[in-house]
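Novice: First, the structure itself, so that you have it in front of you.
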Amino acid sequence: MDVRERIEAIFADVGVTASLHAVNLDAVDLDAVDVDTVGPAAVDRQVGVRADEQVVIASIFKILLVLEFARQVDAGQLDPTERVLVTAADRLGGWGLAGCVDDAEVSLRDLAYFAMSVSDNTSADLLLRRVGPDLLPMLAAELGLTRTRLLGGPRELVEMMLADVGARTEAEFARIFPTLPAERVQAMRVFDPAHSTSSTAREITRLLTLIWRDEAGTAAACAMVRGWMARQLFWTRLAAGFPPGVRVSGKTGTLPGLHLEAGVAEYPDGGRYAIAVFARADELTPRRIDVDLAVGKAARTAVEALRGD
């Protein structure tokens, strides 16, 4: 059984379909031919399973967001200490500032930290307004992410979800959503790559490779992004698959039935591997820890193939 078959078996065991791409970021040629056509000889550079399938990426777009912010900070266009007042009108469902009851004042760089560490949608929404939403598609194009489509930020995503279930508020959505049949949920636009922010596993590992090689901006800007990704607090996906001593920096993306993460595993011997895993479960059962752990297991399986372990 080759590495791709082993990865497919991992996902089949938990009842999900997934796309995956993993690369040795110090060896991969970012302009190489499709991994599905290069054969076993390329396994020391990249491993892919449906790596070019267009998929919804949810909060993984926040990597591009904080990269644009870091580039503007490094260029002197934004002051990272600039203060932002977060009010009730700014709040979106989720963690961090999104879940606060009272108004809070934070800096722009703390918005970036919250957006990455706990995937705070309110922080991401406010930061996106400040850096300029029109600049993110331009950044994606500059970095050669030709299939990465950025359609708004967290607020637009929430508004689309509310509209699709006929809810006026997030509280009403929370009441209606659990009553919907699975086919109604799966038909929501948020799950359709044509109507939501989307990309491919290969393009996201390209983005990570550029950041870790200091090729997505200045060395200082790329270091800022790596620092925020290293502080992510969710560890049940990519990080859970790797042994102690391997540093995993990542960014999750989550929607009902979607278990996504992109990140970089750095080994004590200096090996660095960019990984993107996008899993979709047929069942919408919340807190599928088995799926999260399968994401990590598949990631490690791919990286071990790259390392020859």
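Novice: Computing the accessible area with a 1.4 Å probe over protein heavy atoms, can you report the carbon and sulfur percentage for the chain?
Specialist: 53 percent
Novice: So if I take the alpha carbon set of segment 162-309, get Rg, then get Rh from the Kirkwood formula, what is the Rg over Rh ratio?
Specialist: Computed over Cα atoms, the ratio is 1.03.
Novice: Still on this structure, please answer the following. Using the per-residue mean of other Cβ atoms lying within 10 Å as a proxy for protection, in what order, highest first, do the peptides 293-303, 210-220 fall?
Specialist: Final packing ranking: 293-303, 210-220.
Novice: Still on this structure, I have one more. When you count, for each residue, the other Cβ atoms within 10 Å and take the mean per peptide, how do 68-80, 16-28 rank with the highest first?
Specialist: Put in order of decreasing packing, that is 16-28, 68-80.
Novice: In cubic angstrom, how much convex hull volume per residue do the alpha carbon atoms of the chain span?
Specialist: Expressed per residue, the convex hull around the Cα atoms of the chain is 126 Å³.
Novice: So what's the back-of-envelope 222 nm ellipticity for the chain, counting only DSSP H runs of four-plus at -39500 (n - 2.57) apiece and dividing by all residues, rounded to 500?
Specialist: -12000 deg cm²/dmol
Novice: Roughly how much of Asp29 is accessible, in Å² to the nearest 10, using a 1.4 Å probe?
Specialist: Asp29 exposes around 90 Å² with every protein chain in place.
Novice: Per residue, what accessible area does segment 124-280 have, given a 1.4 Å probe and all protein chains present, in Å²?
Specialist: Here the residues of segment 124-280 average 42 Å² of exposed surface.
Novice: Using +1 on the beta carbon of Lys and Arg, -1 on that of Asp and Glu, and nothing else charged, what's the dipole of segment 30-160 about the Cα centre, debye to 20?
Specialist: It works out to roughly 60 debye.
Novice: I need to check one value: relative contact order of the chain, counting alpha carbon pairs closer than 8 Å and at least 6 residues apart, in percent.
Specialist: Once divided by the residue count of the chain, the mean separation gives 27 percent.
The values are calculated or read from the model by the stated rules, or taken from the named source; none is laboratory data. Only a predicted model underlies this, so the values are computations on that prediction, with no experimental measurement involved. Using ideal geometry, Cβ is built from the backbone for each residue, glycine included, and neighbour counts are taken over all protein chains shown. Heads up: the accessible areas ignore ligands, DNA and RNA and are worked out on the full protein's heavy atoms, side chains in. Shrake-Rupley method; radii C 1.70, N 1.55, O 1.52, S 1.80 Å.
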